[in-house]
Amino acid sequence: MKKIGKDFLWGASTSAYQFEGGFDSDGKGLSIQDVKEILNKETSDFKVASDHYNHWKEDVTLMAQMGFKSYRFSISWTRIIPNGIGEINKKGVEFYSNLIDELLKHKIEPVVTMFHFDMPNELEKIGGWANRKVITAYVNYANVLFDNFGDRIKYWITINEQNVLLLQGPIVGIKRPQNCNVLKHVFQMNHNITVAQALVMEECHKRFDSKVKIGTAPNISSIYPASCKPEDIVASKNIAVLRNWFYLDIIVKGIYNRILLALLEEQNAMFEIRQGDMEIIKKANPDFIAFNYYTTTTVKMNEKIDNYKLPDQERVFGFPGFGQTVSNANLAKTQFGWEIDPKGLKVTLLELQERYNLPVIITENGIGAYDKLEEGKINDDYRINYLKSHIEAIKEAVNEGSQVFGYNCWSAFDLISVHEGISKRYGLIYIDREEKDIKTARRIRKKSSYWYEKVIKSNGENL
Ligand code: BGP
């Protein structure tokens, strides 16, 4: 059996707004996540989160204890440039600079996401990604990151989950204008994001030698037809483009997939492509694909749409005659209703390999659960089982030709879920806080963190 390479990047992930806290500390500006109305009043907002802003050194020490080879985190745009464009906040630059140095001191490779759902609120006021001015603002922000951290970062990720941000916008805190043609609006945003990240990828290649790599990080999940009816097979191909391939075909191959363009035309939702945009996009040439994987998606052809039976990020909006998501009775579910499908990770890795022939890195994968702290311990065997079965799937995919070069599970530490508070815990490390009571935010290693330490030490042999 072909084995996982010795330089494989074992680690875990976080995102700035869900983990850092310090939402207005040391000159940070507000992002849309800081001003978001929390719909479920029982759950926490993002103001203090896991208080990483005040615990970062201790947090890196814990990562080093677990033997992390990499740490995938995101930089908060408004900590660096409080208004999204304009003045740079020196204190914000200093925070990440210290964090990066501390990681490198412990030989942990930083894998840095530039944008993870936290649009500066000042830019949201002018329309966010729907406004082309934000393209310029993002490129400017990326240049500030290159100027300040470019000497130390080998792996850059432009955008986290472009597809989720578009397809499930309201869930991840992105408002849509009232009475707009939703499809047209989100795919205009998509086009603008694509141009923005293509410009940043080109700039990265111009500035740095080939040791510095840049890629994008959509949420990719293989699509299964609900049956072997030819109509369901067609639906699975359609939804696969809407859910996955549209965003990668364009940035990797420079082509907008016709399956979705045909739907947009039919729905009177074609977005604007300005002169010169396609040339910019064709020069993107990402060096790798990062992707987040939680589950697969099962779909059927449909006459009528009934989209909202599945929980949050698993929903993909469907269209009559195009396809819609259904639940898969063959799969067990997490406490939060997400289907668990380790085999699907193998399928996804091999599909990515076949379709794009690029190195890939898994930047999120994990299980959200109501962990319990009992007598100072968290016995999260369900998390061990989840991670173990997914790592087994990675090993099978490697043996069958996947060029996967890293696994960063979600999440390194407990953090605030996208819309279900701190109670939906994903971390290897427990954060001792409740929804409304931040307590001391003490860090406690869960059973899974000791298990993962052994996995890393044995380069995935000892599961
Ligand atoms: C992904 C996001 C993460 C993360 C994860 C789990 O979509 O990139 O930010 O939170 O999903 O989702 P949730 O927090 O809703 O359980």
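Summary of packing: across the peptides 205-213, 110-118, the per-residue average of other C-beta atoms within 10 Å ranks them, highest first, as 110-118, 205-213. Other residues with beta-carbon under 14 Å from the beta-carbon of residue 80 carry, at +1 per Lys or Arg and -1 per Asp or Glu, a net charge of -3.
Label separation (residue 47 vs residue 357): 5.4 nm, computed from points 7 Å beyond Cα along the C-beta direction. Give the aspartates and glutamates whose C-alpha is closer than 16 Å to that of residue 283, dropping any in the same chain fewer than 8 places away, or say none. Cα-Cα hits under 16 Å: 202, 203, 249. Using a ≥ b ≥ c from the Cα gyration tensor of region 17-59 (square roots of the eigenvalues), is it rounded, prolate or oblate, where a/c under 1.5 gives rounded and otherwise the larger of a/b and b/c decides, a/b for prolate? Oblate shape, in that a/c is at least 1.5 and b/c is the bigger or equal ratio. For the pair region 181-259 and region 108-151, the centres of their Cα atoms are 19 angstrom apart. Give, as a single signed number, the net charge of other residues whose beta carbon lies under 13 Å from the beta carbon of residue 185, with Lys and Arg counted +1 and Asp and Glu -1. Here the count lands on +2.
Does region 23-102 come out rounded, prolate or oblate by the C-alpha gyration tensor, with a ≥ b ≥ c the root eigenvalues, rounded set by a/c under 1.5 and, if not, prolate when a/b is larger than b/c and oblate if not? Oblate shape, in that a/c is at least 1.5 and b/c is the bigger or equal ratio. Highest average first, the peptides 72-79, 378-385, 400-407, 436-443 ordered by how many other beta carbon atoms sit within 10 Å of their residues are 72-79, 400-407, 378-385, 436-443.
In terms of the Cα gyration tensor, with a ≥ b ≥ c the square roots of its eigenvalues, is the chain rounded because a/c is under 1.5, prolate because a/b exceeds b/c, or oblate? Verdict is rounded for the chain. Toward the positive end of the charge dipole of region 1-149, with +1 on the Cβ of Lys and Arg and -1 on the Cβ of Asp and Glu, the farthest Cα among 96, 10, 86 is that of 10.
Could you state the number of Å between the C-alpha centres of region 358-429 and region 153-170? The two parts, judged by their Cα centres, are 19 Å apart.
Sorted ascending by nearby beta carbons within 10 Å, beginning with the fewest, 273, 135 become 273, 135.
Take the Cα of residue 237, step 7 Å toward its Cβ, do the same at residue 461, and the gap between the two points is 4.5 nm.
Were the residues from residue 381 through residue 253 laid out at 0.36 nm apart, the gain over their Cα-Cα distance would be 41.9 nm.
Take every DSSP beta bridge whose two residues both sit in the chain; close to 30 percent of them are antiparallel.
Placing +1 on the Cβ of every Lys and Arg and -1 on the Cβ of every Asp and Glu, with no other charges, gives the chain a dipole of roughly 640 debye about its Cα centre. Note on residue 374 and residue 151: their simple-model spin labels are 5.2 nm apart, each label 7 Å out from Cα toward Cβ.
Ranked by the mean number of other Cβ atoms within 10 Å per residue, highest first, peptides 253-262, 185-194 order as 185-194, 253-262.
For the pair residue 227 and residue 327 in one chain, pulling the backbone fully straight at 0.36 nm per residue adds 34.8 nm over the alpha carbon distance.
Other residues lying with their Cβ under 13 Å from the Cβ of residue 231 contribute a combined charge of +1, Lys and Arg counting +1, Asp and Glu -1.
We did not get these values from a lab; they are worked out from the coordinates using the rules stated. Remember, it's a predicted structure, so these values are computed and weren't measured experimentally. Heads up, the Cβs are rebuilt from the backbone with ideal geometry, glycines too, and the neighbour counts pull from every protein chain shown.
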